[in-house]
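Worksheet: the structure to be examined is printed underneath.
The values are calculated or read from the model by the stated rules, or taken from the named source; none is laboratory data. If you're wondering where the values come from, they're calculated on a predicted model, not measured in any experiment. Positions of Cβ are generated from backbone atoms using ideal geometry, with glycine treated the same way; all protein chains shown enter the neighbour counts. Please note that ligands, DNA and RNA were not included when accessible areas were found on the heavy atoms of the full protein model with its side chains. Shrake-Rupley method; radii C 1.70, N 1.55, O 1.52, S 1.80 Å.
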Amino acid sequence: MQTERFLGQNKPLMVGLCLTGLATVVVVGLLLREYGPGNMGNGFLVGGALGLAAAGIGVWRAMRRPQSVTTFERAFAQTGDERDNAVFTRALAVMGLFSVLLTCAAVVAIGLGAPVEVALAVLLFAELLTGAVAFQVINRRS
């Protein structure tokens, strides 16, 4: 299988990327805890740990059970075929287009007096939701 060959040949690369990601999350998180406002460092550490865990689970599933992984996991682990990559690329393009509009809406909301933290949190979740919905729609239509 293509997935097993790809991940089997690149295990040192995968381990190196995981360690680099972990080191980056820890260093930036500790810097934000020391010098950032409020609980920004704690939030970055938790969010970074969850993101690394999700990425690790996706790559682990692609390595262990390549026949049962989803289109997103194949595209994320860069082991998919042309269709998987096309779906992923199109979903990212839709997310990028909508992110400009969502960012403009967040700027207007902040300008009208909305709390900055709330507006940015809503912006982030709206962008992630847009990407997830775009991926599902494009995946089903392709």
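Seen against the Cα atoms of the chain and their longest principal axis, helix 116-141 is set at about 30 degrees. A 1.4 Å probe run over the chain, with the rest of the protein chains in place, finds 68 Å² accessible per residue.
Helix 40-64 and the longest principal axis of the Cα set of the chain meet at an angle near 20°. Across every direction, the projection of the convex hull enclosing the Cα atoms of the chain has a mean area of 9.9 nm². The residue 136 and residue 40 beta-carbon pair, evaluated with R₀ = 22 Å, returns a calculated FRET efficiency of approximately 0.10.
As a fraction of the 1.4 Å probe accessible area of the range 33-78, surface on carbon and sulfur atoms comes out at 60 percent.
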